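Notes to accompany the following structure.
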Amino acid sequence: MKLRQLHYIHEVANRGLNVTAAAEALFTSQPGVSKQIRLLEDELGVDIFLRNGKQLSEITPAGSRILDYTRRLLREAENIRNVAEEFRDSDRGDLSIATTHTQARYALPGVIQDFRKTYPNVRLHLHQASPPQIAKQAAEGTADFAIATEAMEHFEQLVMLPCYHWNRSVLVPPKHPLAQKLHDKQRLSLAEIAEHPIVTYTFGFTGRSKLDQAFAAHGLRPDVVLTAVDADVIKTYVRLGLGIGIVATMAYDPKQDADLVRLPADHLFDMSTTHIGFRQGMFLRTYMYDFIRLFAPHLNRELIDEVAEIKDHAARQQRTNELIARLHMV
């Protein structure tokens, strides 16, 4: 049994039993992958995959159990490599971050700029996706960190750490009736917002659930005419007069968005919390700890290790909630 063979069956399973796609991801040939899988099955004396002609059609019961152990072995093999690299060359390596457009565009640039000054030899990889996809990438080990607001809590394999709270603003063109509220120093109400067409985030992105909950709690049915995952797209359609925009406050730039009026809405919606998550049991290199600290200064190495060492998911979630409550008081 070779580690390479375990990589092959793992990748084939992850690629929906598409051997060609797995071979491309592994930078090898399709016949080579098929041959190594056969050799492994012959050595073990069981089929890992069922076949329909030359195509793999299904994972066998034995194969399913073998793949469970394979995932663990490959993760530990990755940890071993990371330990060796940490002692051999602590300021060189790779850091893969899965995140949303909002985080990549508005929250991370300054952090990445500072990180690069300290670690110029660490290669950074940003992957933008939906929150469930982001969490899944971190849970499966295809990304080191997941940074998002939604969906992270559904993955028990992740150690989740709260980074910061944020809220929302309403954006309107200068001549919009609601713009007068700012001039008169009056606070917006949910009822006033619900009277206008709304352009905001797609459900499941950037704290959208908090927005929906607020309207529902007041018996209001907002007229959401367009949704997008990108705040810049939302602002574009606000400028075109399609509706008023509801975006994360961090997405408003006073210089670049000077043609839009920002109306505070933090009194209308519950705060959202952005988390950083990584796979339970993952060996964190020094530069990974430092990246987390740059993104969330209250998360020091001792605190990160404390939460990461909690094996029980419920207990770990309880500790995370305590940290969230502490953030509220900052």
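The values are calculated or read from the model by the stated rules, or taken from the named source; none is laboratory data. Because the structure is a prediction, the values reported are computed rather than measured. Reconstructed Cβ throughout: ideal geometry from the backbone, glycine too, with neighbour counts over all protein chains shown. Note: accessible area is taken over every heavy atom of the protein model, side chains too, but ligands, DNA and RNA are not part of it. Shrake-Rupley method; radii C 1.70, N 1.55, O 1.52, S 1.80 Å.
So what are the ³J(HN,Hα) numbers for the stretch 116-129, from phi and the Karplus equation (6.51, -1.76, 1.60; θ = phi - 60°), rounded to whole Hz, Gly and Pro as x?
Values per residue, Gly and Pro as x: 5, 5, 7, 10, x, 9, 9, 7, 9, 10, 9, 10, 9, 7 Hz.
On average, how much accessible surface per residue is there in the stretch 182-330, in Å², for a 1.4 Å probe, leaving out ligands, DNA and RNA? All intermediate terms of the calculation are to be shown ahead of the outcome.
On the way: 7470 Å² over 149 residues.
Heavy-atom accessible area per residue stands at 50 Å².
Tell me what the chain gives for mean residue ellipticity at 222 nm when only DSSP H runs of n ≥ 4 count, each as -39,500 (n - 2.57), the sum divided by the residue total, rounded to 500 deg cm²/dmol.
-13500 deg cm²/dmol, from helical runs alone.
Over the stretch 64-146, what is the mean sequence separation of C-alpha contacts under 8 Å (at least six apart), divided by residue count, expressed as relative contact order in percent?
37
Return the distance in nm (one decimal) between the two label points of a simple spin-label model at Glu85 and Phe27, each offset 7 Å from Cα along Cα→Cβ.
My value for the distance between the label points is 1.3 nm.
Starting from the stretch 114-166, pick out the trypsin sites (Lys or Arg not before Pro) whose DSSP state is loop and whose Cβ has at most 11 other Cβ atoms within 10 Å.
Listed in order of number, the matching sites amount to none.
How large is Rg over Rh for the stretch 227-330, taking Rg from the Cα atoms and Rh as the Kirkwood inverse mean of 1/r across Cα pairs?
Reported Rg/Rh, Kirkwood definition of Rh: 1.09.
So which trypsin sites (Lys or Arg not before Pro) in the stretch 203-286 end up in coil per DSSP with only 10 or fewer other C-beta atoms within 10 Å?
Lys255
With a sphere of radius 12 Å drawn around the Cβ of Arg92, what net charge do the other residues whose Cβ falls strictly inside it have (Lys, Arg +1; Asp, Glu -1)?
Numbers: positive: Arg88, Arg123, Arg285; negative: Glu85, Glu86, Asp89, Asp91, Asp94.
Taking every other residue near Arg92 into account, the sum is -2.
Would you pull out the residues with amide H under 5 Å of His127's amide H, same chain only if 5 or more places away, H placed 1.01 Å from N?
For His127, whose amide H was placed from the backbone, the distant partners under 5 Å are Ile97, Ala98, Thr99.
Can you pull out the chymotrypsin sites (Phe, Trp or Tyr not before Pro) in the stretch 20-85 that DSSP calls coil and that have at most 10 other Cβ atoms within 10 Å?
Here the chymotrypsin sites (Phe, Trp or Tyr not before Pro) that fit, given the DSSP loop and packing criteria, are Phe27.
For the chain, modelled as a GNM with alpha-carbon contacts under 10 angstrom, which of Asp305, Asp184, Asp270 fluctuates the most?
Asp184
Need one number: nm distance between label points at Glu322 and Val233, each 7 Å from Cα along Cα→Cβ, rounded to one decimal.
It works out to 4.1 nm between the two label points.
Per 5 Å bin, what is the whole-percent P(r) computed from every C-alpha pair distance within the stretch 146-235?
Percent of Cα pairs in each bin: 2, 11, 19, 22, 19, 13, 7, 4, 2, 1.
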